[in-house]
Amino acid sequence: MGSRIRLWVQAAFAALTNGYFYGFVTGSIYTGPLKKACVPGLNCYSCPGALGSCPIGSLQSALAGREKSFPFYVVGFLLLFGSVFGRTVCGWLCPFGLVQDLLYKIPFMKKRKNLPGHRFLTKGKYLVLALFVILLPLLAAGIQGQGKPWFCQYICPSGTLFAGIPLVGMTESLRETAGVLFGWKVLVLLAVALLAVWVFRPFCKYLCPLGAFYSFFNSFAVFRYQVDTQACVRCGKCREVCKMDIRTWETPNHPECIRCGECVKACAADAIHRTGRAVGSAKKHILHSGPHRF
């Protein structure tokens, strides 16, 4: 039941933030006042339905501009959502996270949680954040002093899916000019999509710079998990159901945790709970439920 609720929340938020249906019909991009505001997940500015801006795209645009200035609004927005939700945004509010979740549900291939070399590969998203989102847009300026949104231009599969493919499909002039770069972006999208059928959320785990940024806040975000160490029997069931492969009883607020809630549901000892619930409630639950729970 909980996973269904999460899927419905993801779908509703994706529809809400991409509700400019006129854009999908005409191949145009909404440029009204709402577009000045960021949304918490990956949500490409150029998507025909996008009503808000992607914080990663906005950050790159500010850093790549001719007149270098600190992007107070974008950084403040990211700090706010990070400090309140951490990677809950990834699990519940990101449209491309929803796409990967749905692809993983396709009954094809034997499913895996991680790719070989998982612990090393998870560092990739921090490299993408540092290099493609911050350093290259800031430092690699062109002749006129204007940088490029390197992540959006060369990597982001979400932008290709929600913006590039619809716009190219609906606009003849774009179809005529689409070249090697667009072909490369489609290949990146296909690679991520195929991996997502086999491995749970590969883009979130290994490449997403937004997930990397939010992960810094997981351990102290307002919304986080707590484990009652006296109630926990270390049975490992939480890790079995965790598709991010986290040892929840040791690090309930691991940087990879997307707050999907599967560990909370699976805990027979009722030892894992969300912030705001009394720590002693799990012990009270055990005293009243008896030993058959184990």
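Data table
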| quantity | calculated |
| --- | --- |
| Which numbered condition Tyr73 misses (of (1) of a type outside the set (Gly, Ala, Ser); (2) over 22 Å from Ala212 (Cβ atoms); (3) more than 18 Å from the chain's Cα centre (by Cα)) | (2) |
| Identity of the residue in region 166-177, farther than 18 Å from Thr17 by Cβ and not acidic (Asp, Glu), that ends up surrounded by the fewest Cβ atoms within 10 Å (Cβ to Cβ) | Ser173 |
| Qualifying residue in region 261-271 (condition: among the small types (Gly, Ala, Ser), modelled with pLDDT of 95 or more and in contact with a strand residue (DSSP E or B) (Cβ under 7 Å, 6 or more places away or on another chain)) | yes |
| Among (1) open to solvent by 70 Å² or more (accessible area, probe 1.4 Å); (2) at positive phi, the one test that Phe216 misses | (2) |
| Odd one out for Ala130 among (1) in a loop (DSSP other than H, G, I, E, B); (2) modelled with pLDDT of 95 or more; (3) open to solvent by 40 Å² or more (accessible area, probe 1.4 Å) | (1) |
| Among (1) assigned to a loop (DSSP other than H, G, I, E, B); (2) open to solvent by less than 60 Å² (accessible area, probe 1.4 Å); (3) modelled with pLDDT of 95 or more, the one test that Gly147 misses | (3) |
| Those residues of region 154-205 which are among the charged types (D, E, K, R) and touching a Leu at 6+ places or on another chain (Cβ under 8 Å), in sequence order | Lys205 |
| Within region 227-263, tally of residues that are open to solvent by 20 Å² or more (accessible area, probe 1.4 Å) and either over 27 Å from Tyr206 (Cα atoms) or touching a residue at least 40 places away in the same chain (Cβ under 8 Å) (or both) | 13 |
| Segments classed as helices (runs of 4 or more DSSP H), wholly inside region 162-202, with at least 1 members that are closer than 22 Å to Gly97 by Cα, within 26 Å of the chain's Cα centre (by Cα) and touching a residue at least 12 places away in the same chain (Cβ under 8 Å) | 165-170, 180-198 |
| Top-ranked residue of region 1-17 - restricted to ones that are hydrophobic (A, V, I, L, M, F, W, C) and in contact (Cβ under 8 Å) with a residue 60 or more places away in the chain, ranked as least open to solvent (accessible area, probe 1.4 Å) | Ala14 |
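The values are calculated or read from the model by the stated rules, or taken from the named source; none is laboratory data. Nothing here was measured: the structure is a model prediction, and the numbers come from that model. Glycine gets a Cβ as well: all are built from the backbone with ideal geometry, and neighbour counts include every protein chain shown. Surface areas here come from the heavy atoms of the whole protein model, side chains and all, with no ligands, DNA or RNA. Shrake-Rupley method; radii C 1.70, N 1.55, O 1.52, S 1.80 Å.
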